[in-house]
1. Which value, in Å to one decimal place, does the Kirkwood hydrodynamic radius take for the range 77-172 when every pair of different Cα atoms is included?
2. Can you compute the label reach from residue 135? Point 7 Å from Cα along the Cβ direction, backbone N cut-off under 16 Å, restricted to the range 155-180.
3. On a C-alpha basis, how far is the centre of the range 37-52 from the centre of the range 119-171 in Å? Whole number, if you could?
4. In the range 98-119, whose amide N lies under 19 Å from the spot 7 Å out along Cα-to-Cβ of residue 89? List them in ranges.
5. Which value results when the Cα radius of gyration for the range 15-129 is divided by 2.2 N^0.38 Å?
6. More than 23 Å apart: what percent of Cα pairs in the chain qualify?
7. How high is the relative contact order of the range 84-193? Use alpha-carbon pairs under 8 Å, at least six apart in sequence, and give a whole percent.
8. How high is the relative contact order of the chain, in percent, counting Cα pairs under 8 Å that sit 6 or more residues apart?
């Protein structure tokens, strides 16, 4: 029986984990890594990243060419962001049209994207300490990008005056976190760009 040429996985990365398996960085012993969730093939890499304070869908593969292809093709990535305050239609329009950000010290205009106000999504409980509602209202937005600059969604919502409090990636292409709990990981037959 033939072994698969490559291995692919779908993971709901919880808040507080980094999108890697090991680190040689000083103080990394305090970090939580992806290897806690599944017995991954040793050559597994994440397809893109989610920062430590974000949660949601991560695709993983042993196929570096496929990983590069998915990251460079402009495949849609949908995020749910809980923001500080009741976000305005003007702020949504500004994000849809593109906002000026500083990325790695350079000014950058984001590409037009899809953005809309949504009802509170059904997401798993989080270990993130959340601000109490008595400190002011919050709202939820869905933001769908075809690019993925460093902390882009957080920078976009802050640029329009509504800082992100909680951020979850819901979808990459046709893959979603629907019916998944934080830490759930599944092997999948293939990843389609």
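Please treat every number below as a calculation from the coordinates, not as lab data. Remember, predicted model here, so these are calculated numbers, not experimental data. Here the Cβ is made from the backbone with ideal geometry for all residues, glycine too, and neighbour counts use every protein chain on show.
1. It is 13.6 Å.
2. Only 162-167 pass the distance filter.
3. 23 Å
4. Only 98, 113-119 fall inside the zone, counting backbone N under 19 Å.
5. Working: Rg = 17.0 Å, N = 115, 2.2 N^0.38 = 13.4 Å.
Scaled against compact globular proteins, the figure is 1.27.
6. 45 percent
7. It comes to 30 percent, rounded to a whole number.
8. Working: 365 pairs, mean separation 62.1, N = 193.
Once divided by the residue count of the chain, the mean separation gives 32 percent.
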